[in-house]
Each structure stands twice: as structure tokens, then as C-alpha cells.
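All remarks here apply to the structure that follows.
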Amino acid sequence: MNRILFIDDEERVLEGLRRLVRMHCPEWDVSYATNVDDALIVIAGGLDAVVTDLNMPGKDGLDLLRSVRLDPATSHLPCLVLTGNGDLQAKKEALERGATDFLDKPIDFWELRVRLENAIELKRYQDLVAAQNDLLDARVKETTRDLELSRKNVLLRLALAAEWRDEDTGAHILRVGLLSRLLAEELGFDQEAQERILLASPLHDVGKISLPDRILFKKGPIDPEEREAMKEHCAAGFQILAGDRGGIFSFLGIDEKADNQNELLHCAALIAMTHHERWDGTGYPSGLKGEAIPIEGRIVSVADVYDALRSKRSYKDEFPVERAAEIVQNGAGSHFDPKVVDAMLRRIDDAERALDRFRDPAVSRAVAA
């Protein structure tokens, strides 16, 4: 059933329309209004089409068109305008306000019915197309979310796989992620960047997968040759996250360049490569100095060391908060970026609350299960 509203300030015109509708289109659900304000109330209840006079006292047909088109709920409602025969200026103004079609006075009801039915049918097709587009858009967004969630899940499990080989670190990677996000927040990173560093920082030591067991699991101090081998985990981590070793991606038809444009992977690769660089240039693997070190690497460097200081390992007890904070502060300007250290000290209480969430070494095992 077509729901139609007729608007005209002359009651005799509306009465004539009532008679014609009852005679020729009794199936229509018709409403009538003599002014724009009353008409807008009816329109808000939902309609299929509006037929309005253009010239009315007070608010006129142009005012009605403006209100209808500005409301997202009615912006596509068919609005047919009644004009004086040959009034081209009125038609131009109505078109500019969004009129769907025109009818000359006096009204030919057959023409009115045909034009109305055509406008309503077109609107229904438009609504159908819009609904299909909304459905497709929702499906694309859902698929994109699923793909992104899958990517994040794989990256986290890759980080856990690297940690699995080190029984002493417990939930270290999760705590580093929480601390890194906290520091990023304090340094003014936007929400998206904070989320990215939270997800990327746990991969900082993924390159340890490449280390031989004799080095990784060695009891006691490592010798200089083993220390140099240990340093290679940074480049290995970068290669895992950003490289196509042996052309595997190409062989499988994967566009390596496109994958490397993923901001999360790019961030994780930078962190893996640079989290052991030092502010004074004495770090590894590249000896970068100062702000030449990516800010993500500088943040994770502080988070990594602070959590290590506050954690019990097989070779040491955990340091108290005050001592750990003092060590990090003493490293400002040599080991660490002073701005990142200042951020850490300002948020030390928040950092401790974050670390308390994942003190239990069993947490990381549970996440991986």
C-alpha cells in the first residue's frame, strides 16, 4: 500500500484530491496537510511519496523540500511539486532544493497517478540497491575484521613460539606489550598507534627462534663469540617479519611489497631490529644513535629492560621498584632516550599495575594453549 501525503493550503484542492483518490486509487494510504509544519510531522512517521503545492503562506514548498532533504531519514523521499503552468523559475528553484518531479495545475489525476507510481517504484529500487550495498559493506567490514584478527592472532602466536624456548621469561612478552602501550600513550601517540605498538612489541625477540640451543639454554655466562651470535637475533627477527628469505613469498605468489606495507608488520620489524640499539650509539646491530633509532625501538628498549629488572629469573631475583626505576633513570642519555625514561618515571605506578596483571609465568602458556 502506497503511503502518500498531499500538501496544499487550499482546503478545496485537498477535498478534490480526496474524491479522486477514493474514486480511482482506494488502495492508497493517503494523508493531507494544509501547512508545512503539520506535513513534517506526518513525514516523520514514514511515507512513500509527497505531493506539495509550491506557493503557500508562511513556510512554502521550498522550505518543505529543504527540511526533507536535510534529514538523512527522508533525504531520498520522492517529492512531487505542483506549479503554475509554465512557471520555469519556480521549477528551477524546486529542482535546486531536490524536487523529484513536477505537476502543472490544474491537476490531471491520471498523470498524477502515473508520475507518483513511477517515483515510488524508482525509490523502491533505490532502497533495494542501498540495502544491498549496506549488506555488502557490512560483509566486507566483517571479512576485513576477521582477516586483521587472524593476522594479529598469528603474530601473537609467533611471539609466544619464540618465548616458549625461554622458560625463564614467563609472560614477559605480554608485559612488554602493556608497558610499551603505556609509554606510547604518555608520549602522545594516538589510539591507533598505541594499539599497534601493543601488538607489535611482543615480537621484539622473535629472532631468538634462530639461535642454537647451546647458546639460548647455556647455564652460566656466555663467551664473547656466543655473545656476538646472540646479537644476530635482531636481524633474524627483522628478516622473519619483513623479508622474503629464499624467495618463498614469490614462489607462493604472495606480493611481498604489499605485505610489507602492513603497518603492524612494519612496526614489529622495526622493533625487532632496533630494540637493542642505544641512545649513545653503542648498541647493536647497527650502532644507531639518538633519534636515528625509531621511536618504537626506543620505547620497547625501556619496557624490555624495566620488565627484566622487575622479574625473577634463574640467575637473579627481581629488583624492587625503586631500584629498577633508578637503573632505568641512570641509563637516560646513554642506554635510553631521556624522553622515554621520563615518560616511564611519570607512569611508574601505572606500569606496576600493568605488570601485576601478568606476573604468573603460566599466563603465557595459557594464552598459547
Exactly one of 126, 132 is at pLDDT below 85 and open to solvent by 80 Å² or more (accessible area, probe 1.4 Å), and that residue is 126
Checklist (1) assigned to a strand (DSSP E or B); (2) open to solvent by less than 20 Å² (accessible area, probe 1.4 Å); (3) at pLDDT below 90; (4) in contact with a helix residue (DSSP H, G or I) (Cβ under 7 Å, 6 or more places away or on another chain) applied to residue 6, failing item: (3)
Are there any helices (runs of 4 or more DSSP H) wholly within segment 237-294 with 1 or more residues that are modelled with pLDDT of 95 or more and more than 26 Å from the chain's Cα centre (by Cα), and if so which? 263-274
Is it fair to say residue 22 is assigned to a helix (DSSP H, G or I), over 19 Å from residue 1 (Cβ atoms) and either touching a residue at least 12 places away in the same chain (Cβ under 8 Å) or not aliphatic (A, V, I, L, M) (or both)? no
On the basis of being open to solvent by less than 100 Å² (accessible area, probe 1.4 Å), of a type outside the set (Phe, Trp, Tyr) and in a loop (DSSP other than H, G, I, E, B), does residue 119 make the cut? no
Got at least one residue in segment 319-338 being part of a helix (DSSP H, G or I) and in contact with a Cys (Cβ under 6 Å, 6 or more places away or on another chain)? no
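This table checks each residue for (1) open to solvent by 70 Å² or more (accessible area, probe 1.4 Å); (2) free of Cβ contacts under 8 Å to residues at least 24 places away in the same chain; (3) over 20 Å from residue 197 (Cβ atoms).
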{"site": "287", "(1), (2), (3)": "no, yes, yes"}
{"site": "296", "(1), (2), (3)": "no, no, no"}
{"site": "301", "(1), (2), (3)": "no, no, no"}
{"site": "318", "(1), (2), (3)": "yes, yes, yes"}
{"site": "339", "(1), (2), (3)": "yes, no, no"}
{"site": "347", "(1), (2), (3)": "no, no, no"}
When you scan segment 67-77, how many residues do you find that are outside any loop (DSSP other than H, G, I, E, B) and buried (at least 16 other Cβ atoms within 10 Å of the Cβ)? 3
Among the listed residues 80, 95, 103, identify the single one that is free of Cβ contacts under 8 Å to residues at least 40 places away in the same chain, assigned to a strand (DSSP E or B) and not basic (Lys, Arg). 80
Can we say residue 311 is open to solvent by less than 20 Å² (accessible area, probe 1.4 Å) and not in a helix (DSSP H, G or I)? yes
Could you say which residue among 143, 83 is out of contact with any His (no Cβ under 7 Å at 6 or more places or on another chain), open to solvent by 70 Å² or more (accessible area, probe 1.4 Å) and not charged (D, E, K, R)? 143
Selection from segment 303-316 of residues without any contact (Cβ under 8 Å) to a residue 40 or more places away in the chain and either aliphatic (A, V, I, L, M) or within 24 Å of residue 196 (Cβ to Cβ) (or both) yields 305, 309
Residue 21 is checked against (1) more than 42 Å from the chain's Cα centre (by Cα); (2) surrounded by fewer than 16 Cβ atoms within 10 Å (Cβ to Cβ) and fails just one. What number does that condition carry? (2)
If you check residue 39 against the conditions, is it open to solvent by less than 70 Å² (accessible area, probe 1.4 Å), modelled with pLDDT under 90 and in a helix (DSSP H, G or I)? no
Inside segment 169-198, can you point out the residues that are part of a helix (DSSP H, G or I) and open to solvent by 50 Å² or more (accessible area, probe 1.4 Å)? 181, 185, 186, 191, 192, 195, 196
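The values are calculated or read from the model by the stated rules, or taken from the named source; none is laboratory data. All values derive from a computational prediction rather than experimental measurement. Neighbour counts run over all protein chains shown; Cβ positions are idealised from the backbone, glycine included. In case anyone asks, the SASA skips ligands and DNA or RNA and just uses the protein heavy atoms, side chains included. Shrake-Rupley method; radii C 1.70, N 1.55, O 1.52, S 1.80 Å.
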